Amino acid sequence: MAASNSVQVKHVHVITPADPPPPCLLPLSAIDSQLFLRFTIEYLLIYTPSSALDRSTISSSFRVALSQLLVFYFPLSGRVRERPDGSGLEVVSRSQGALFLEAVSDCYSAADFDRPPRSVAEWRRFLAFSVEDVLDGSPPLVVQLTWLKDGAAAVGVGFNHCICDGIGSAEFLNSFADLAAGRLRAASELKPTPVWDRHLLNPQPQFCHRRSSSPPPEFQRVPDLCRFMSRFTDEPLVPTAVTFGKTHLTRLKSLAHSTRRPGVAAFTGFEVLAAHIWRSWARSLKLPSNQTLKLLFSINVRKRIKPNLPSGYYGNAFVLGCAQATAGELAEKKLDHAASLVKKAKERVGDEHVRHVAESVSESRACPDSVGVLILSQWSRLGLEKVDFGMGRPVHVGPVCSDRYCILLPVYNQTDAVKTMLAVPTSAVDKYESLVRNVAT
């Protein structure tokens with residue numbers, strides 16, 4: 001494990017909008033205000049060395065571009081807090097500023113990111129300003145540029161998840177990169193133009209009759225038959241990274257379709273891969289056969305609600321799909337069964353379901369339980385692999401810290417490939433890696 005001083009922060013800058021807007025209060029939506037979103041999305045992008053890169057020029061371009069971009073994304077220079085009446089969250093926007101850190105590392109080179117981290121927090125220092133409580137007055141946006149020992153660069157970025165989701169943050173990063181690299185002459189040329197409009201995802205009066213109905217499945221509790229969470233707190237978690245190339249993904253789909261029941265539509269690549277990871281994870285943990293397990297995954301609702309959300313909406317515009325089965329089902333039944341559960345979870349999500357979720361989180365502060373849950377987040381379709389600050393496209397895209405959440409990632413120069421990152425308890429890691437790499441069962 002690298003020493004804690006493996007990355008040294010040299011400069012810290014507070015970056016404010018180039019043209020500060022008037023102070024204001026901006027209410028966040030019911031979806032934004034959910035309890036389980038009160039954390040920081042943390043990205044780590046690695047760029048290969050180039051003799052043409054001038055560090056001071058690159059650093060200056062980051063600062064200038066960030067200041068220009070914050071004119072249009074000014075809530076990211078504000079601060080998030082609870083509304084005084086306790087009804088949700090709001091942004092206090094007084095152009096307080098985002099953070100930009102400059103750092104160096106004499107321990108890491110670009111090649112070190114070809115493998116998973118050796119511990120869940122090995123890469124923590126690549127975003128050294130870590131926000132534990134997103135409501136404590138911390139900046140909702142932190143960017144760190146770290147120069148590595150071989151001349152490569154690491155860019156760590158943290159977004160307050162209450163303000164934006166994966167799609168919104170990736171749009172911001174691509175616009176940021178385009179400005180820094182000079183592909184955009186001015187932030188006014190942004191496409192899409194950032195849209196706030198958080199009221200569009202608040203509960204609507206016509207759905208108030210739902211208050212006595214049961215919460216959506218992702219918020220329903222299940223019995224803990226095995227001290228489930230202790231597996232992730234009593235044992236060290238070991239990060240894993242497994243890449244599925246086009247051949248492997250095709251083989252998985254063929255396997256699922258070979259036993260698919262009549263009348264069931266063809267599975268997508270996501271449905272099959274998510275099912276395969278879920279089954280491998282469940283089987284590796286050796287849980288009681290009657291333990292209920294859930295796979296939770298984000299579903300973009302921008303085009304699933306009526307009316308559709310406008311292009312450029314960068315708030316949280318997703319709900320959780322929820323597939324549910326017992327550990328015994330996942331072990332005994334074939335891949336097609338788990339894939340069909342994932343497909344059905346996706347199909348349940350329409351306008352009415354989204355409104356139900358908005359009301360549930362607004363009225364009861366509903367929150368997913370952790371018992372029996374694997375959360376899967378699909379970063380492979382966000383466009384993070386295209387974020388080019390003038391240093392080329394990133395050769396590695398991933399989280400700053402590995403977690404027991406599973407993240408699907410893009411693979412450099414392999415359009416059809418997906419890398420999966422997941423931290424697994426020590427006692428289960430060998431079994432998990434064996435199962436997840438074997439696409440024949």
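The values are calculated or read from the model by the stated rules, or taken from the named source; none is laboratory data. The structure displayed is predicted, hence computed values, not measured ones. FYI the Cβ positions are ideal-geometry reconstructions off the backbone, even for glycines, and counts take in every protein chain you see. For the accessible areas, the whole protein counts, side chains as well, though only heavy atoms, and no ligand, DNA or RNA atoms are used. Shrake-Rupley method; radii C 1.70, N 1.55, O 1.52, S 1.80 Å.
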- Positive dipole terminus of the range 258-346, leading residue within ALA325, GLN291, PHE270 (C-beta point charges): PHE270
- Could you give the length gained on full extension between GLU347 and SER258, defined as 0.36 nm per residue of separation minus the Cα-Cα distance, in nm? 29.9 nm
- Message: I'm spelling it out carefully: the read-out is Cα extents along the principal axes in Å, the candidates are (i) 64, 59, 53; (ii) 65, 56, 47; (iii) 58, 54, 39, and one was derived from this structure. Which label?
- Response: (iii)
- Query: What percent antiparallel are the DSSP beta bridges of the range 50-191, to the nearest 5?
  - Reply: 65
- Query: Any idea how far the Cα center of the range 386-408 sits from the one of the range 7-41, in Å?
  - Reply: 21
- Run the 1.4 Å probe and let me know the accessible area of ASP150, rounded to the nearest 10 Å². 60
- Task: Grab the DSSP H runs of the chain that are 4 residues or longer, score each as -39,500 (n - 2.57), total them, divide by all residues and round the 222 nm result to the nearest 500 deg cm²/dmol.
- Result: -7500 deg cm²/dmol
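Calculate, in nm to one decimal, what SER130 and LEU25 gain on full extension: separation in residues at 0.36 nm each, minus their alpha carbon distance.
Going from the current span to full extension adds 35.3 nm.
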- Message: Report the gain in length on full extension from SER87 to ARG55: 0.36 nm times residue separation, minus Cα-Cα distance, nm rounded to one decimal.
- Response: 6.9 nm
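Tell me, what are the semi-axes, in whole angstrom and largest first, of the equivalent ellipsoid of the range 1-60 as set by the roots of 5 times the Cα gyration tensor eigenvalues?
Working through the eigenvalues yields semi-axes of 33, 22, 13 Å.
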- Query: Largest first, how would LYS343, LYS333 line up by accessible area (1.4 Å probe)?
  - Reply: LYS333, LYS343
- Message: Rounded to the nearest percent, how much of the accessible area of the range 285-441 (1.4 Å probe, protein heavy atoms only) is carbon and sulfur?
- Response: 44
- Message: I need the shape label for the range 62-149. Rule: rounded when a/c is under 1.5, else prolate if a/b > b/c, else oblate, with a, b, c from the alpha carbon gyration tensor.
- Response: oblate
- Out of residues 5 or more away from VAL195 or on other chains, whose amide H comes under 5 Å of its own, with H placed 1.01 Å from N in the peptide plane? TYR313, TYR314
- Query: Can you give the FRET efficiency for ALA265 and CYS107, using 1/(1 + (r/R0)^6), R0 = 51 Å, r = Cβ-Cβ distance, to the nearest 0.05?
  - Reply: 0.55
- Message: From the mean inverse distance of alpha carbon pairs (Kirkwood) and the Cα radius of gyration, derive Rg over Rh for the range 28-87.
- Response: 1.14
- Enter the accessible area of CYS164 (Å², nearest 10), with the probe set to 1.4 Å and all protein chains included. 0
- Query: Restricting to lysine pairs 8 or more places apart or on different chains, what number in the range 315-388 have Cα atoms under 26 Å apart?
  - Reply: 6
- The FRET efficiency for LYS286 and CYS367, from their Cβ-Cβ distance with R0 = 25 Å and rounded to 0.05, is 0.35
- Query: Of the heavy-atom accessible surface of the range 116-196 (probe 1.4 angstrom), what whole percent is carbon and sulfur?
  - Reply: 50
- Tell me, what ³J(HN,Hα) does each residue in the range 111-117 have, in order and in whole Hz, if you take phi through Karplus 6.51 cos²θ - 1.76 cosθ + 1.60 with θ = phi - 60° and put x for Gly and Pro? 5, 5, 9, 6, 10, x, x
- Which residues qualify? For ILE375, with a placed amide H closer than 5 Å and at least 5 residues away or on another chain, they are LEU296, CYS406
- Message: Tell me the per residue accessible area of the chain using a 1.4 Å probe; a whole number in Å² is fine.
- Response: 41
